[in-house]
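Starting off with a structure, shown below.
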Amino acid sequence: MKLNLLYFARLKDAFGRDHETLESDAASVGALLAELRARGGAWADELAEGRVFRVALNQELATVDSGLAAGDEVAIFPPVTGG
Amino acid sequence: MTELSDQALLRYSRHILLPELDIAGQQALLGARALIVGAGGLGSPVALYLASAGVGQLTIADDDVVELTNLQRQIAHDKASLGRNKAESAAARMLAMNPEVAVRVIGERLAGQSLADEVARHDVVLDCSDNFATRHAVNRACVAAGVPLVSGAAVRFDGQLAVFDTRQPASPCYHCLFPEEGEANDGPCATFGVLAPLVGVIGSLQAVEAIKLLAGIPVALGRLTLYDALESSFRSMKVPRDPACPVCSGRSSGSE
């Protein structure tokens with residue numbers, strides 16, 4: 001199925017893109033994150049277990065257990081902390 | 001509530017003309033107390049707008065001093081402020097704009113009991129700080145005291161805004177949105193840079209939300225707004241409560 005991924009703030013620069021369309025069989029947000037981490041490099045670093053970031057599924061905050069369906073918009077964003 | 005003087009009616013006339021505020025809303029602002037944590041990039045527009053808008057009692061806290069690199073975006077300060085405490089410098093400008101409000105300066109970093117005490121004596125808190133640990137400390141104090149929190153953050157071309165009011169049963173807190181555990185700081189502006197008016201955009205949005213809260217105008221809760229200055233776009237994400245949140249899950253369900 002096709003997923004529409006969006007990246008925000010620091011992640012946009014780390015991944016060198018602000019969006020992508022991904023063909024994936026990931027059934028959940030957690031499975032999708034594992035798939036992205038497997039790309040290695042910045043993907044493995046930024047999405048590592050100890051890093052703080054959140055995932056929104058169709059503009060609503062999701063958890064790793066949230067299920068995915070074709071056409072879902074998956075936004076991944078870190079906290080911005082500066083001021 | 002005290003009657004507004006002729007001078008006050010004139011000064012605040014453009015507020016009073018708004019039916020959503022009117023005289024009652026302006027009187028509410030004049031009787032309100034706001035705590036501004038941080039007098040830097042976000043704190044500058046927040047402090048200036050809340051003072052000019054007539055929020056009656058303002059407390060501004062910062063332990064830092066004004067440096068030349070701040071003046072690119074921290075518009076409450078100027079060249080004459082160099083070397084001066086930021087809260088003190090901002091207070092001088094606030095009072096120059098509007099001597100009818102009371103401004104209290106705290107020239108130190110609020111933490112622990114002093115943070116808890118200060119939060120509890122205000123009607124709204126504006127988080128204009130620059131690090132993840134302070135953001136969580138401010139959130140904990142706000143949840144404990146039942147004081148609404150207007151949270152803003154900005155770095156590079158990216159900004160985030162959210163209002164938390166845990167007196168409302170459905171409202172999440174900052175911890176529901178971004179759990180504390182783990183590495184999160186996006187680093188100081190010194191290493192990453194920040195577009196000058198970005199902090200103006202986010203700080204101004206914080207001032208808007210605080211004024212609405214204080215004037216009794218409904219505010220959207222459970223929502224994170226993301227601003228991308230490069231894309232010129234705003235996006236909103238719905239943020240539900242985390243039922244397992246260690247900070248706010250134990251709160252009484254909105255009964256006051």
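Given N residues in region B:1-90, what is Rg(Cα) / (2.2 N^0.38 Å)? Provide the component values of the computation, followed by the final result.
Working: Rg = 15.3 Å, N = 90, 2.2 N^0.38 = 12.2 Å.
In units of the 2.2 N^0.38 Å rule of thumb, it is 1.26.
With n ≥ 4 as the cut-off for DSSP H runs, can you work out [θ] at 222 nm for the protein assembly as shown, using -39500 (n - 2.57) per run divided by the number of residues, rounded to the nearest 500?
Numbers: 13 runs with 113 residues, N = 339.
Estimated from H runs of four or more residues: -9500 deg cm²/dmol.
Next question. Quick one: putting +1 on the C-beta of Lys and Arg, -1 on the C-beta of Asp and Glu, what dipole do you get for chain A around its Cα centre, in Debye to the nearest 20?
Values: 8 positive and 13 negative charges, 48 e Å.
Once rounded to the nearest 20, the dipole reads 240 debye.
To the nearest hundred square angstrom, how large is the accessible surface buried between B and A, total for both chains, probe 1.4 angstrom? Walk me through the numbers before you get to the answer.
Working: alone 12230 and 4710 Å², together 14450 Å².
Summing both sides, the interface buries roughly 2500 Å².
Now, a different point. If the protein assembly as shown were replaced by its equivalent ellipsoid, with semi-axes equal to the square roots of 5 times the Cα gyration tensor eigenvalues, what would those be, largest first, whole Å?
Numbers: eigenvalues 263, 98, 65 Å².
The answer is 36, 22, 18 Å, longest axis first.
Report Rg/Rh for region B:35-192, rounded to two decimals, where Rg is the Cα radius of gyration and Rh the Kirkwood radius. Mind dumping the intermediate values first?
Numbers: Rg = 15.1 Å, Rh = 15.9 Å.
Result: Rg/Rh = 0.95.
Sort region B:40-128 into rounded, prolate or oblate with this rule: let a ≥ b ≥ c be the square roots of the eigenvalues of the Cα gyration tensor; rounded if a/c is under 1.5, and if a/c is not under 1.5, prolate when a/b is larger than b/c, oblate otherwise.
Values: a/c = 1.94, a/b = 1.23, b/c = 1.58.
Because a/c hits 1.5 or more and a/b fails to exceed b/c, region B:40-128 counts as oblate.
So which lysines pass the test for B:LYS212, namely a Cα distance under 30 Å, with those fewer than 8 places away in the same chain ruled out?
Excluding near neighbours in sequence, the set is B:LYS86, B:LYS238.
Ok, one more. Please sort B:162-168, B:131-137 by packing, taking for each peptide the average over its residues of neighbouring beta carbons within 10 angstrom, highest first. Please list the in-between numbers first.
Numbers: B:162-168: 22.0, B:131-137: 19.7.
Per-residue mean Cβ counts within 10 Å order the peptides as B:162-168, B:131-137.
How many angstrom separate the Cα center of region B:202-236 from the Cα center of region B:136-165?
11 Å
By average Cβ neighbour count within 10 Å, what is the ranking of A:6-19, B:44-57 from highest down? Numbers along the way, then the final one.
Values: A:6-19: 17.6, B:44-57: 23.9.
Taking the mean over residues of other Cβ atoms within 10 Å, the ranking is B:44-57, A:6-19.
Using bins 5 angstrom wide from zero, how does P(r) for region A:2-77 break down, in % of all Cα pairs?
With 5 Å bins starting at 0, P(r) equals 3, 16, 30, 31, 16, 3.
Counting only DSSP beta bridges with both residues in chain B, tell me the antiparallel percent, nearest 5.
Details: 19 of 37 bridges.
Here the share of antiparallel DSSP bridges comes out near 50 percent.
Using the heavy atoms of the protein chains and a 1.4 angstrom probe, tell me the accessible area per residue for the protein assembly as shown in square angstrom. If you can, show how the numbers build up before the last one.
Working: 14450 Å² over 339 residues.
Accessible area per residue, the protein assembly as shown: 43 Å².
Just to verify a number: FRET efficiency for A:ALA31 and B:SER5, C-beta to C-beta distance, R0 = 45 Å, to 0.05? Before the final figure, lay out the partial values.
Details: r = 65 Å, r/R0 = 1.44.
Efficiency computed from Cβ-Cβ geometry: 0.10.
With r as the distance between the Cβ atoms of B:GLU100 and B:ALA24 and R0 = 22 Å, compute the FRET efficiency 1/(1 + (r/R0)^6) and round to 0.05. Could the numbers behind the result be given before it?
On the way: r = 18 Å, r/R0 = 0.82.
The formula returns an efficiency of 0.75 here.
List the equivalent ellipsoid semi-axes of region A:33-83 in whole Å, largest first, each obtained as the square root of 5λ for an eigenvalue λ of the Cα gyration tensor. Present the calculation step by step, with values, prior to reporting the outcome.
On the way: eigenvalues 72, 53, 16 Å².
They are 19, 16, 9 Å, listed largest first.
What is the average number of partner chain Cβ atoms found within 10 Å of a Cβ in A:46-53?
Shielding by partners across A:46-53 averages 3.
What does the net charge come to around A:LEU57 if you take all other residues with beta carbon closer than 12 Å to its beta carbon, with K and R at +1 and D and E at -1? Walk me through the numbers on the way to the answer.
Working: positive: A:ARG54, B:LYS238; negative: A:GLU60, A:ASP65, A:ASP72, A:GLU73.
For residues surrounding A:LEU57, the net value is -2.
Which whole-number percentage describes the relative contact order of chain B, with Cα contacts under 8 Å and a sequence gap of 6 or more? Walk me through the numbers on the way to the answer.
Numbers: 527 pairs, mean separation 48.5, N = 256.
Computed value for chain B: 19 percent relative contact order.
Another question, if that's okay. Pick out, in residue order, every one of the GluC sites (Glu not before Pro) in region B:100-153 that is DSSP loop and has at most 15 other C-beta atoms within 10 Å; say none if there are none. Intermediate results must be reported in sequence, preceding the final value.
Working: sites: B:GLU100, B:GLU108, B:GLU118; in loops: B:GLU100, B:GLU108.
Filter output for region B:100-153: B:GLU100, B:GLU108.
Within 10 Å of each Cβ in B:48-61, how many Cβ atoms from other chains are there, averaged over the peptide?
Working: counts 0, 0, 0, 0, 0, 0, 0, 0, 0, 0, 0, 0, 0, 0.
Across the residues of B:48-61, the mean count of other-chain Cβ atoms within 10 Å is 0.
The values are calculated or read from the model by the stated rules, or taken from the named source; none is laboratory data. For clarity, every value in this text was computed on a predicted model and none was experimentally measured. As a convention, Cβ positions derive from the backbone with ideal geometry for all residues, glycine included, and neighbour counts pool all protein chains shown. We work out accessible area using only protein heavy atoms, side chains counted, and drop any ligands, DNA or RNA first. Shrake-Rupley method; radii C 1.70, N 1.55, O 1.52, S 1.80 Å.
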